[in-house]
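Here is the structure we will look at, set down as structure tokens.
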Amino acid sequence: MLAVVFVTRMSMGVQFQSIAAVAPLLVADLGLGYAQLGTLIGVYMLPGAVFALPGGLLGARFGERRVVVVSLGLMAVGAVVTATSDGFVQAAAGRLGAGIGAVLMNILLAKMVADWFIGREMSTAMAVMLSSWPVALALAAATLGIVGAASSWRTAVQLTAVFAVIGLLFMLLLYRDAPRAVAPAAAGATARLSRRDLALGVSSGFAWGCFNASLVVVIAFGPGLLLARGASIGAAGATVSALLWITLVSVPLGGVIADRWKRPTLLIVAGTVITGVIAMLFPLSPWPLATLLAMGFIGGLPPGAIMALLPRAVRAETLATAFGVYYTVFYLVMALAQPAAGAVRDLTGSAAAPVVFAGALMATTVVGLGLFRLIERRDE
């Protein structure tokens, strides 16, 4: 079941990264500024601020698998709308529709994994699930730019609809619910979050949002930095994708370390601060590939521990709703960070500025973690 979730969740990462992967081609064709480009990237996450909490409730009411199937259908349709657009507004509308589907799917897949691994290796399972995101981003970064250059950016974006359909088939044909999952009939209980659960969801969601938004900014704007240093679009995308490929090893490894070492706070703090510093130094590095590999390896250690914070702190019957709060905050941070990074690029005229911004954002993860631990200890 974890493997099924992994493959299904890859569709979201491929679709999200598709705009950044073909950014130079899209900007030239549609005549966009970098702030608009950042908006096209970030608008995919914006629906999370509205649909994350209702998504958790819908999953509890109708069953997670049914809602995920519908969500994947929305992702496929949204990709086609974006690929056939002739301007910023239509492209943004397609991204927004696909983002609604991705929001609902992402929340519920996390809940489905939590159901299967309650009382077991939660950090490891979450880390494996989460590694689908960087693997998908790396796949998109390494291939979609090449596809776009050989054909068009529209063809590259259309391919993401195929990935969504594959995920849909996996959910329909292969997935089954965990035996211990909360039944839909009990959905009424899932809506009653305590003030403590609400605060834990907000703080951990903020930490997760800062962590992910930082990496996405590096992935989206890193190729532009390398292009400014003379790399081709294909080489720039392939180099940046190295950051993601190495997380295929480091993210599961980090989950295992968190489960066995039993010191997740130290792992999260050290991993995010060191990664943030490396990101801020990346524009000065004469060895971009080695720097990105270091960033990906160290930055890949905390995700499992971050994602396991909430399932271990709230009751199983309130977890779906708590994840709704968590992802509401997460998606809001993700949606705002990308246009902010693009605006930094427009204002400074520097290809390095968004990457430095990403490093500072990564270090901000510790703020959310600190708040989470304070709330957890205060209410024990």
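We did not get these values from a lab; they are worked out from the coordinates using the rules stated. What you see is a predicted model, and the numbers here were worked out from it, not measured in a lab. In this analysis, Cβ positions are derived from the backbone assuming ideal geometry, glycine residues included, and neighbour counts consider all displayed protein chains.
Against the chain, whose longest principal axis is taken from its Cα atoms, helix 88-117 shows a tilt of about 40°. Can you find, among 54, 331, 75, the residue farthest towards the positive end of the dipole of the chain? Put +1 on the C-beta of Lys and Arg, -1 on that of Asp and Glu. Positive-most Cα among the choices belongs to 54. For the chain, a crude dipole built from +1 on the beta carbon of Lys and Arg and -1 on the beta carbon of Asp and Glu, taken about the Cα centre, is about 700 debye to the nearest 20. How would you classify segment 35-76 from its alpha-carbon gyration tensor, with a ≥ b ≥ c the square roots of the eigenvalues: rounded for a/c under 1.5, else prolate if a/b is greater than b/c, otherwise oblate? In terms of gyration-tensor shape, oblate. Since only 137, 41, 203 are under comparison, the one whose Cα sits farthest along the positive direction of the charge dipole of the chain, derived from C-beta charges on Lys, Arg, Asp and Glu, is 203. Per-residue ellipticity at 222 nm computed for the chain from its helices equals -27500 deg cm²/dmol, with DSSP H segments shorter than 4 residues left out and the rest contributing -39,500 (n - 2.57). The overall shape of segment 19-151, judged from the alpha-carbon gyration tensor, is prolate: a/c is not under 1.5, and a/b is greater than b/c. Since only 23, 11, 117 are under comparison, the one whose Cα sits farthest along the positive direction of the charge dipole of segment 1-125, derived from C-beta charges on Lys, Arg, Asp and Glu, is 117. Just to check, using Stokes-Einstein with a Kirkwood Rh over alpha carbon pairs, what's the diffusion coefficient of segment 54-120 at 4 °C and 1.567 mPa s in µm²/s? Roughly 103 µm²/s, to the nearest whole number. Taking the Cα centre of segment 188-284 as reference, the dipole from Cβ charges on Lys and Arg (+1) and Asp and Glu (-1) amounts to some 300 debye. Computing FRET efficiency as 1/(1 + (r/R0)^6) for residue 162 and residue 70, where r is the C-beta to C-beta distance and R0 is 22 Å, gives about 0.75. Projected label points at residue 90 and residue 178, each 7 Å from Cα along the beta carbon direction, are separated by 4.4 nanometres.
For the chain, just say rounded, prolate or oblate: build the C-alpha gyration tensor, square-root its eigenvalues into a ≥ b ≥ c, call rounded for a/c under 1.5, and beyond that prolate if a/b exceeds b/c, oblate if not.
Numbers: a/c = 1.74, a/b = 1.28, b/c = 1.36.
Cα axes put the chain in the oblate bin.
About its Cα centre, segment 56-154 has a charge dipole of approximately 160 debye under the convention of +1 per Lys or Arg Cβ and -1 per Asp or Glu Cβ, with nothing else charged. Rounded to the nearest 10 degrees, the inclination of helix 64-83 to the longest alpha-carbon principal axis of the chain is 10 degrees.
For the chain, the longest principal axis of the alpha carbon atoms and the long axis of helix 195-228 meet at an angle near 20°.
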